Amino acid sequence: MFLLLLIHLLIGSAILLSGDRLGRRAFVVAALAPLATILWAATQWSTVVGNPSAVDEAGHASAGTAQFESVGWISDLDLDLYLRFDAFALVMTLLVSGIGLLVCVYAVGYFSRIEPGQSRLAGLMTLFAAAMLGIVWADHLIALFIAWELTSITSYLLIGNDDRNPRARAAALQAIFITGAGGLALLLGLIIIGQSAGTYRLSEMIDSPPSGGAVAAALVCVLLGAFTKSAQAPFSSWLPGAMVAPTPISAYLHSATMVKAGVYLVARLSPIVATTGQWRLLVLVVGSATMLIGGLRAMRQRDLKLLLAYGTVSQLGFMMLLVGTGEYKIAQAGIVLLLAHGAFKATLFMLVGIIDHQVGTRHIRELHGFGDGWMPVKVMAVIGAASMAGLPPLLGFVAKEKAIDTYLEYGEFTGATATLVVIIAGSVLTFAYSARFVLGVFGVYGTSDHEVRSRSAPAPAVIFVAPAAVLTALTVVVGLFPAVISDLTKSALLALDPDATPSTVKLWAGFNTAFVISLGIIATGTLLAIFRRPVGRFQTACAQPLR
């Protein structure tokens, strides 16, 4: 693991030192780092996943074996660096390196001309990937914090890569101010937790969870760090602002990787501290507000990229409601959603980048359908949006259905019923803004003034479309055959909570209450899409300042 991090650092640094000589070929070089990581992770699959369907004599599921590495640093201060690779780290590695590899290929098509700053983007993306892998592999709280701050720094540089653009500079500053302030709170919380637990090793805290008033206060600080990084309300504003970055950056950082760092941290700590202090209450309240506010804001957007950005905010709130409860059955639905969201949201961001690149706009008023050769893009847009909306038989439906089903069956904690209502309402909004995305791509909102421009746009090259096609295929195949990821999600859950009894991930769990609720969500979301004009006028009226 340390070797892989070193490879990322060396490749990223070499690309940065090369200046602009490589141009878009820098992304080909950058792709070597995630490719090496994916190949290594494949060799560890059987070890860390194991056979979670088997049970021992005590009735516990058989978890895979976590892999550990350590490097001495300041041993007298207990600051040796420890890394852990288990099944949950494998899930996150697939997102970070799998989507990272596809984004590198996509960027070769996106940057069709050699322009200043392309090599810098490729190098910074590689360094960012190293920092993100450091977060998900860290077993020591201080090592986790160091990697955490490195993601903030590299994200700042990526968002503000075009330093001649005042919007890019402002968005970069906003992002680092919000996430940096959260990072300071996180550091304070991690130090208090480590001192109270007598260990800074996450793997050791499972057996001896810290407790007490100081720990309860420290957990609030930790949540502040997680909420700012994962764009939870009221810290969400930096994520839509970051859409000024080139689309490959948005597809990577702001849909698949960095924004999930806070979700990852909450998922790691929830089995240990969910019942300590106000952890669960804060997660449920903030996650609920984020899911609803993000969904409502997404429904009002005319820029397809901003629509996806606010949709990402809403989905991040949804993830918090699943992984932050401390209930392992519900957390497994969160793991499925992590995978589903990474696939469909990265796909949709890539498609918006293709449209913007070829047409010169992503505003729904300026899109009026497309000419020959655009059918693959339109099909992928429908599939990606359908998965985001939770339509069967796609992976997004599997995740949403499991989330509702587990809340119905295992939501026995205080606030569970109210949270389920929020999830249902948020899912209706998700369906509505997914429909808005599809209607925008198909030119339903477009005006005749832009028809020639839109229909005469050249079809994208194969290399430009291929990464999105791979993710679309995964969304369909894994949705139809969720057994492909069932053992992975089971083992990931056991990595979070060794006492869990994970369930099989299914496409069809029968005509149960969750399925009936899903039908209601689809019906209500369809009505919102049909009556989109009066709904839009109502939203506009509500958004007007009080007189």
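The values are calculated or read from the model by the stated rules, or taken from the named source; none is laboratory data. For clarity, every value in this text was computed on a predicted model and none was experimentally measured. For neighbour counting, all protein chains shown are included, and Cβ atoms are generated from backbone atoms with ideal geometry for every residue, glycine included. All accessible areas refer to the heavy atoms of the entire protein, side chains included, with ligands and DNA or RNA removed. Shrake-Rupley method; radii C 1.70, N 1.55, O 1.52, S 1.80 Å.
Provide, as a two-decimal number, the C-alpha radius of gyration of the stretch 111-211 over 2.2 N^0.38 Å, N being how many residues it has. Please list the in-between numbers first.
Working: Rg = 17.2 Å, N = 101, 2.2 N^0.38 = 12.7 Å.
Ratio of Rg to 2.2 N^0.38 Å for the stretch 111-211: 1.35.
Would you mind computing Rg(Cα) / (2.2 N^0.38 Å) for the stretch 162-256, counting N as its residues? Mind dumping the intermediate values first?
Details: Rg = 16.7 Å, N = 95, 2.2 N^0.38 = 12.4 Å.
Working it through for the stretch 162-256, the quotient is 1.35.
What number, rounded to the nearest 500 deg cm²/dmol, is the helix-based mean residue ellipticity at 222 nm of the chain, given -39500 (n - 2.57) per DSSP H run of at least four residues and division by all its residues? Walk me through the numbers before you get to the answer.
Details: 24 runs with 371 residues, N = 547.
Mean residue ellipticity at 222 nm (helix-derived): -22500 deg cm²/dmol.
What's the extension gain from ALA473 to LEU6 if we count 0.36 nm per residue and subtract their Cα-Cα distance?
Working: separation 467, 0.36 × 467 = 168.12 nm, distance 3.22 nm.
Taking ALA473 through LEU6 to full extension adds about 164.9 nm, to one decimal.
Let me check something: with ligands and nucleic acids excluded, how do VAL421, VAL359 order by accessible area (1.4 Å probe), largest to smallest? Don't skip to the end; give the middle numbers.
On the way: VAL421 90, VAL359 15 Å².
Listed by decreasing accessible area, they come as VAL421, VAL359.
Over what distance in Å are the Cα centres of the stretch 211-272 and the stretch 472-547 separated?
Cα centres, the stretch 211-272 to the stretch 472-547: 21 Å.
Percentage of Cα-Cα pair distances in the stretch 131-173 greater than 13 Å, rounded to whole percent?
Details: 490 of 903 pairs.
Above the 13 Å cut-off, the stretch 131-173 has 54 percent of its Cα pairs.
For the stretch 339-398, what is the largest minus smallest coordinate of the Cα atoms on each principal axis, given in angstrom and ordered from greatest to least?
Extents along the principal axes: 35, 19, 19 Å.
Starting from the Cα coordinates of the stretch 246-303, work out the convex hull volume and express it per residue in Å³. Write down the numbers at each step before the final one.
Values: hull volume 4.5 nm³, N = 58.
Per residue, the Cα convex hull of the stretch 246-303 comes to 78 Å³.
Throw me the Rg/Rh for the stretch 454-502, computed over C-alpha atoms with Kirkwood Rh, two decimals. Working shown, then result.
Values: Rg = 18.2 Å, Rh = 13.8 Å.
Across the stretch 454-502, the Cα-based Rg/Rh ratio is 1.32.
Less than 15 Å Cβ to Cβ from ALA343, Lys/Arg counted +1 and Asp/Glu -1: what total charge do the surrounding residues give?
Overall, the nearby charge balance is +3.
So what is the orientation-averaged projected area of the stretch 100-152, using the convex hull of its C-alpha atoms, in nm²?
Values: hull surface 15.7 nm².
Convex hull of Cα atoms, orientation-averaged projection: 3.9 nm².
Please list TYR106, TYR82 from largest to smallest accessible area, probe radius 1.4 Å, with all protein chains kept in place.
Details: TYR106 0, TYR82 55 Å².
These residues rank, largest area first, as TYR82, TYR106.
Give me the accessible area of MET380, 1.4 Å probe, in Å² rounded to the nearest 10.
That residue has around 10 Å² of solvent-accessible surface.
Computing the accessible area with a 1.4 Å probe over protein heavy atoms, can you report the carbon and sulfur percentage for the chain? Mind dumping the intermediate values first?
Numbers: 13040 of 20370 Å².
Whole-percent figure for carbon plus sulfur exposure: 64.
LYS490 accessible area, nearest 10 Å², 1.4 Å probe?
We get 20 Å² for LYS490.
By what distance, in whole Å, do the Cα atoms of the stretch 290-440 stretch along each of the three principal axes, largest value first?
The principal-axis extents, from largest down, are 53, 26, 18 Å.
How far apart, in nanometres, would the label points at LEU480 and GLN539 be if each is projected 7 angstrom from Cα along the Cα-to-Cβ direction?
3.4 nm
Principal axes first, then extents: for the Cα atoms of the chain, list largest minus smallest coordinate on each axis, whole Å, largest first.
On the principal axes, the chain reaches 68, 58, 52 Å in Cα extent.
Take the Cα gyration tensor of the stretch 379-500, multiply each eigenvalue by 5, square-root it, and list the three semi-axes largest first, rounded to whole angstrom.
On the way: eigenvalues 252, 88, 17 Å².
Each semi-axis is √(5λ); the values are 35, 21, 9 Å.
Given 0.36 nm per residue, what is the gain on full extension from ILE191 to SER456 after removing their alpha carbon distance, in nm? Provide the component values of the computation, followed by the final result.
Working: separation 265, 0.36 × 265 = 95.40 nm, distance 5.87 nm.
Stretched fully, the ILE191-SER456 segment lengthens by 89.5 nm.
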